[in-house]
Amino acid sequence: MNPGTLLVATPSVMGDGNFHRAVVLLVNHGDSGSIGFILNKKIEYTLDEVLEGILSKQPLYFGGPVEPDNLFYIHTLGSQISKSIPITDSLYWNGDFEEVVQLLEAGKLNEENIRFFLGYSGWSEGQLEAELEEKSWEPFVEKTPLELIKMPIERMWQECMIALGGTYLLWSNAPDNPRFN
């Protein structure tokens, strides 16, 4: 599985509060495990509320349950932020945070080119493969990561279910909590 792969949580993870209706961008996958960020779970805080000295009101997203007190980010700026790790040809993660702060202060960062996360989603060696085999996740190739990032988060999971088709199409219109049906 390559970095940049999008993973859509299937209805089988409905009882998992972290991954219920999650769409995850895989940023690293190797022999020792995998790392990704949940793209569609905005939290109530903004960047200025969690980092002292930062004035930017960029929204924050719940990246996953691992290291929820740490800040991570994905961006489209590549070499403009040194030490960035490539995900795809046009998408990167992390990099020199001092440079990020400078770009924020200069007004050169916005929701179109950077997204901030608290925590990340992680899988140990072989765990993601097992979850894919169990159909807890479906790889999603209908859109590029950049297209998905620009999609409104309120309908991201439903749009992915519709695109996956088959029995997933039925789930696209199911209420968030089936008890409310």
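When Lys108, Lys83 are checked against the criterion of being of a type in the set (Lys, Arg), more than 26 Å from Gly17 (Cβ to Cβ) and modelled with pLDDT of 95 or more, a single residue qualifies: Lys83. Pairing residues of segment 68-79 that are within 23 Å of Tyr45 (Cα to Cα) and in contact (Cβ under 8 Å) with a residue 12 or more places away in the chain with residues that are of a type in the set (Asp, Glu) and surrounded by fewer than 17 Cβ atoms within 10 Å (Cβ to Cβ), at Cβ distances under 8 Å and at least 6 apart in sequence or on separate chains, gives Thr76/Glu112. On inspection, Glu67 fails the criterion of being surrounded by 13 or more Cβ atoms within 10 Å (Cβ to Cβ), modelled with pLDDT of 95 or more, of a type in the set (D, E, K, R) and touching a helix residue (DSSP H, G or I) at 6+ places or on another chain (Cβ under 9 Å).
Which of the residues spanning segment 83-112 are closer than 23 Å to Met151 by Cα and crowded, with 16+ Cβ neighbours inside 10 Å? Selection gives Ile87, Thr88, Leu91, Tyr92, Trp93, Asn94, Leu104, Leu109. Restricting segment 164-181 to residues that are modelled with pLDDT under 80 and part of a loop (DSSP other than H, G, I, E, B) leaves a set whose member that is surrounded by the fewest Cβ atoms within 10 Å (Cβ to Cβ) is Asn181. Every listed requirement among (1) outside any strand (DSSP E or B); (2) touching a helix residue (DSSP H, G or I) at 6+ places or on another chain (Cβ under 6 Å); (3) under 16 Å from Ile153 (Cα atoms) is met by Lys57 save one, (3). Of the residues making up segment 112-139, those that are in contact with a strand residue (DSSP E or B) (Cβ under 9 Å, 6 or more places away or on another chain), assigned to a helix (DSSP H, G or I) and charged (D, E, K, R) are Glu129, Glu131.
The residues listed here are Asp48, Asp31, Asp16; of these, the one that is in contact (Cβ under 8 Å) with a residue 60 or more places away in the chain and either loosely packed, with under 14 Cβ neighbours inside 10 Å or more than 25 Å from Trp157 (Cβ to Cβ) (or both) is Asp31. Every test in (1) at negative phi; (2) more than 15 Å from the chain's Cα centre (by Cα); (3) exposed (fewer than 11 other Cβ atoms within 10 Å of the Cβ) is passed by Met161 save one, and that test is (3).
Scanning segment 61-82 for residues that are farther than 18 Å from Lys150 by Cβ and assigned to a strand (DSSP E or B) turns up Phe62, Val66, Glu67, Pro68, Asp69, Asn70, Leu71, Phe72. Within segment 113-143, restricting attention to residues that are surrounded by fewer than 19 Cβ atoms within 10 Å (Cβ to Cβ) and of a type in the set (Ser, Thr, Tyr), the residue that is farthest from Phe19 (Cα to Cα) is Ser124.
The values are calculated or read from the model by the stated rules, or taken from the named source; none is laboratory data. Being a predicted model, the structure only gives us computed values, none of them experimental. Don't worry about glycine lacking a Cβ; one is built from the backbone with ideal geometry, like all the others, and counts go over all protein chains shown.
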